Amino acid sequence: MTDRYAVMGHPVAHSLSPRIHAAFARQTGQELVYEAIDVLPEDFAEAVARFRAEGGRGLNVTVPHKEAAFALAERRRSRAEEAGAANTLWWEEGVLVADNTDGVGLVRDLTGNLGWSIQGRRVLLVGAGGAAQGVVGPLLEQHPAALHIANRTVERAVRLAARFSGRGVPVSAGGLPELADFPAWDLVLNATAAGLRNEAPPLPDAVVGAHTLAYDMMYRLEESTAFVRWARERGAQAVADGLGMLVEQAAEAFRLWRGVLPDTAPVLASLRPRK
Ligand code: ATR
């Protein structure tokens, strides 16, 4: 029987993951099928068990199931442990293992595909929810000069920053309006869910300067995201959205399952050539 993989989410119909993994499988000569399964939050554990019973080998997990996937796992890799959430599941000798490839996906897109360095840069992470939480550890491993986490609800940013203190990189936290008091950042990452409503988070203009690289962890295929437009209008040096992060996190999941890291460049280019 062909090895089965899937992404579970809600909603999930528009997920690009089946296309991405089919392209990886073709490229690496691996035989597998990969589908998208819409699962309601209350049905998650049962859906995973059913998938396994039907011969499933591994899963990607997206909103809103990443914390549930983490909780369900019987063994957790350090990247999942650190994020408190999992986006990749598979079975090893019957044991359900969880990892989180979002952070490494972001870092590979920034430093590899885009050629933006993080080392020595002042980095602003906007948002303190699940998406932000998943990327702080891998960002700090790149040794930025400083990381500031800003969130609409300040308390959430403070709590997230506290979890990552003492790693040799100053990590600070605050709200959104007070960003007006800081000099423009080298790298600004949008990890808020504001883009779901096609909005940019309400940031002061001072966040962006002529040297600022602005990255939206969300993407839209046919047009720029609201945050990308916002940063471009304020004269950012370069802007990018999260399509590359999506492809890179998928490649790392594929490696965990299949033992081979696919070449992401042709797949990313086939989804949407970057200008
Ligand atoms: P996710 O897993 O996508 O991060 P989440 O955990 O609900 O989802 O977190 C959403 C993040 O986007 C939070 O940082 C949220 O800010 P709050 O913690 O204050 O809720 C942020 N967010 C969502 N909509 C926003 C908006 N319109 N402006 C600014 N921040 C927003």
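Structure notes:
- Distance from the range 10-69 to the range 161-178 (C-alpha centre basis), Å: 34 Å
- Taken about its Cα centre, the chain carries a charge dipole of about 460 debye when Lys and Arg each add +1 at the Cβ and Asp and Glu each add -1 at the Cβ.
- Magnitude of the charge dipole, the range 141-224, Cβ model with Lys/Arg +1 and Asp/Glu -1, debye to 20: 400 debye
- Helix runs (DSSP H) in the chain reaching 15 Å along axis by Cα, Kyte-Doolittle at least -1.0: 17-28, 243-258
- Each residue of the range 190-200 is assigned a 3J(HN,Hα), and the resulting list reads 8, 10, 8, 8, 4, x, 4, 9, 6, 10, 8 Hz, derived from the Karplus form 6.51 cos²θ - 1.76 cosθ + 1.60 (θ = phi - 60°), x at Gly and Pro.
- Normalised contact order of the range 103-243, rounded percent, pairs of Cα under 8 Å and 6 or more residues apart: 20 percent
- 3J(HN,Hα) couplings calculated from phi for the range 6-12 with the Karplus curve 6.51 cos²θ - 1.76 cosθ + 1.60 (θ = phi - 60°) are, in sequence order, 7, 10, 10, x, 7, x, 9 Hz; Gly and Pro show x.
- Taken about its Cα centre, the range 103-243 carries a charge dipole of roughly 320 debye when the Cβ of each Lys and Arg holds +1 and the Cβ of each Asp and Glu holds -1.
- Estimated vicinal HN-Hα couplings, Hz - the range 130-136 in sequence order (Karplus 6.51, -1.76, 1.60; Gly, Pro = x): x, 5, 5, 4, x, 10, 4
- Summarising the amide proton neighbourhood of ALA173: residues at separation of 5 or more, or on other chains, whose placed amide H is nearer than 5 Å comprise ILE149.
- Cβ-defined net charge surrounding GLY103, 9 Å radius [Lys, Arg +1; Asp, Glu -1]: -2
- Computed accessible area, THR192, all protein chains, 1.4 angstrom probe, square angstrom: 30 Å²
The values are calculated or read from the model by the stated rules, or taken from the named source; none is laboratory data. Because the structure is a prediction, the values reported are computed rather than measured. With ideal geometry, Cβ positions are generated from the backbone for all residues, glycine too; neighbour counts draw on all protein chains shown. Accessible surface areas use protein heavy atoms only, side chains included; no ligands, DNA or RNA. Shrake-Rupley method; radii C 1.70, N 1.55, O 1.52, S 1.80 Å.
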